[in-house]
Amino acid sequence: MSTPEHWEPEEGREAYDRRSGQTVRVISVHACGVFVRHLRDGREGITVLEELAPPKHTAEEQ
């Protein structure tokens, strides 16, 4: 099994927030944390890089 590529969230792109289980849009990335907006309800929050993963897309979203 190959190892996954290193992934970094980028401003304006989507990411999967492991803590909330929701897809978020990255607002900005800082040393203190990552500011995100939840796509489902528009709520803004802050998380850490370790909690973000590449976005999960279902067949309906593609």
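In plain terms, the bigger the Kirkwood radius, the slower the diffusion; for the range 1-54, with that radius from Cα pairs, at 37 °C and 0.692 mPa s, Stokes-Einstein puts D at 292 µm²/s.
With the cut-off at under 13 Å, measuring from each backbone N in the range 5-28 to a point 7 Å along the Cα-to-Cβ line of I46 picks out 28. Between H30 and A53, the modelled labels are 2.7 nm apart [label points 7 Å from Cα along Cα→Cβ]. Computed with a 1.4 Å probe over protein heavy atoms only, the accessible surface of the range 1-50 comes to 76 Å² per residue.
Summing +1 for each Lys or Arg and -1 for each Asp or Glu among the other residues whose beta-carbon sits under 11 angstrom from that of E51 gives 0.
The values are calculated or read from the model by the stated rules, or taken from the named source; none is laboratory data. Treat the numbers as computed from the prediction; the structure is a model and nothing was measured. Please note: Cβ atoms are built from the backbone with ideal geometry, for glycine as well, and neighbour counts cover all protein chains shown. Protein only, heavy atoms only, side chains kept; ligands, DNA and RNA dropped before computing areas. Shrake-Rupley method; radii C 1.70, N 1.55, O 1.52, S 1.80 Å.
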